[in-house]
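All remarks here apply to the structure that follows.
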Amino acid sequence: MANVILLGPPGAGKGTQAKRLEQTRGMVQLSTGDMLKEAIAKGTELGKRVEGIMARGELVTDEIVIGLIEDKMKTGAKGGFIFDGFPRTLKQADALGELLARTGQRLDAVIEMQVDDAALVARITGRFTCGNCGAVYHDVTHPTKVAGICDACGSTNLKRRADDNEETLKTRLMEYYKKTSPLIGYYYAKGQLSAVDGLADVDVVAEAIASVLDKA
Ligand code: AP5
């Protein structure tokens, strides 16, 4: 069992690799981005509060995402949790440390997925996902085998995200560099940080992550 944070800018491949870890290691993906998008899709009070913020590419408040994570962690995960898109600020990182300590758990690894900004634009603008099972695809690098049908579950509910455009990506990247990148130093100082080349092929990235987890 291992608890791991996947850290990286929008489009680094966090969601893609989190899904792999769920399949290969029985871990549970906790994506605050997916939780918020679900709230928007369902039209809940929370969804209404965060919709505009997310469409602009800004971060929602720490209190909201910490609450979501705390709630999801109550269910437990035999294979461990994959924190995908959380923490994104130093306050969230401190809160996660406290949550894990309070529940007698520990953080086994923080994996920084290194990519350059130029690659991110192509990744984000070509991305589409399955609205049924969450599988992640790309127009060029990872299309579905049959156009319009999800390889994983056969659904035809394939969709693109409202915040996946070049303009919003600029804000998302700025938020990452201003508020999230300080976490690299934070976890390095704690001796928990490992880096993988996020520009490599998906399988190669998966192997690099597996190697970090095997040593954790
Ligand atoms: P969130 O949903 O977390 O988005 P993100 O961090 O911007 O990350 P992405 O989902 O865009 O990218 P990813 O790294 O998962 O890449 P993926 O695997 O899909 O957050 C959305 C919003 O919610 C935020 O802007 C904010 O408003 C809010 N929010 C969420 N969490 C928050 C928090 N903790 N605090 C405050 N606000 C929060 O891959 C991208 C594409 O590249 C895909 O098409 C994929 O097929 C392709 N790809 C992946 N890997 C490779 C590879 N190795 N080679 C080639 N192509 C690849």
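The values are calculated or read from the model by the stated rules, or taken from the named source; none is laboratory data. Remember, predicted model here, so these are calculated numbers, not experimental data. Every residue, glycine among them, receives a Cβ derived from its backbone with ideal geometry; neighbour counts consider all protein chains shown. To get the accessible areas, we keep the full protein, side chains included, count just its heavy atoms, and leave off ligands, DNA and RNA. Shrake-Rupley method; radii C 1.70, N 1.55, O 1.52, S 1.80 Å.
Odds and ends about this structure:
- Portion, in percent, of the accessible area of the chain that falls on carbon or sulfur, probe 1.4 Å: 53
- Remark: the range 31-39, residue by residue, has Karplus-estimated 3J(HN,Hα) of 9, 5, x, 5, 4, 5, 5, 5, 4 Hz, where x stands for each Gly or Pro and the curve is 6.51 cos²θ - 1.76 cosθ + 1.60 at θ = phi - 60°.
- Averaging the sequence gap over all C-alpha pairs within less than 8 Å and six or more residues apart, then dividing by the number of residues, gives the range 1-90 a relative contact order of 52 percent.
- Antiparallel bridges, percent of DSSP beta bridges restricted to the chain (to nearest 5): 30
- Dipole axis of the range 59-134 (+1 Lys, Arg; -1 Asp, Glu on Cβ), positive-most option in Leu99, Cys133, Leu120: Cys133
- Inter-centroid distance (Cα atoms) of the range 7-80 relative to the range 149-216, Å: 13
- Sequence-ordered 3J(HN,Hα) estimates for the range 134-149 from the Karplus curve with 6.51, -1.76 and 1.60 and θ = phi - 60° stand at x, 4, 9, 10, 9, 3, 9, 7, 8, x, 6, 5, 10, 3, x, 10 Hz, glycine and proline given as x.
- Ranked from largest, the principal axis spans of the Cα set of the range 1-72 equal 35, 25, 21 Å.
- Sparsely packed loop sites in the range 70-162 (the trypsin sites (Lys or Arg not before Pro) outside DSSP H, G, I, E and B with at most 10 other Cβ atoms within 10 Å) comprise Lys74, Lys78, Lys145.
- Calculated translational diffusion coefficient of the range 63-216 (25 °C, 0.890 mPa s; Stokes-Einstein with Kirkwood radius over alpha-carbon pairs) equals 139 µm²/s.
- Put simply, the convex hull of the Cα atoms in the range 119-194 casts, on average, a shadow of 6.6 nm².
- Calculated FRET efficiency, Lys178 to Val121, Cβ-Cβ distance, R0 = 22 Å: about 0.70 to the nearest 0.05.
- Taking the Cα centre of the range 14-161 as origin and assigning +1 to Lys and Arg Cβ atoms and -1 to Asp and Glu Cβ atoms, the resulting dipole is close to 420 debye.
- Computed from point charges on the beta carbon alone (+1 for Lys and Arg, -1 for Asp and Glu), the dipole magnitude for the range 95-179 about its Cα centre is near 220 Debye.
- Ligands, DNA and RNA are left out, and with a 1.4 angstrom probe the accessible area of the range 63-166 is 51 Å² per residue.
- 5 Å binning of all Cα-Cα separations within the range 1-147, expressed as whole percents from 0 upward: 2, 8, 17, 21, 22, 16, 10, 3, 1, 0
- For the range 61-179: lysine pairs under 25 Å (alpha-carbon distance), excluding those fewer than 8 apart on one chain: 10
- Couplings 3J(HN,Hα) for the range 7-19, derived from phi with the Karplus relation 6.51 cos²θ - 1.76 cosθ + 1.60 (θ = phi - 60°), are 10, x, x, x, x, 5, x, 4, x, 4, 6, 4, 4 Hz, where x marks Gly and Pro.
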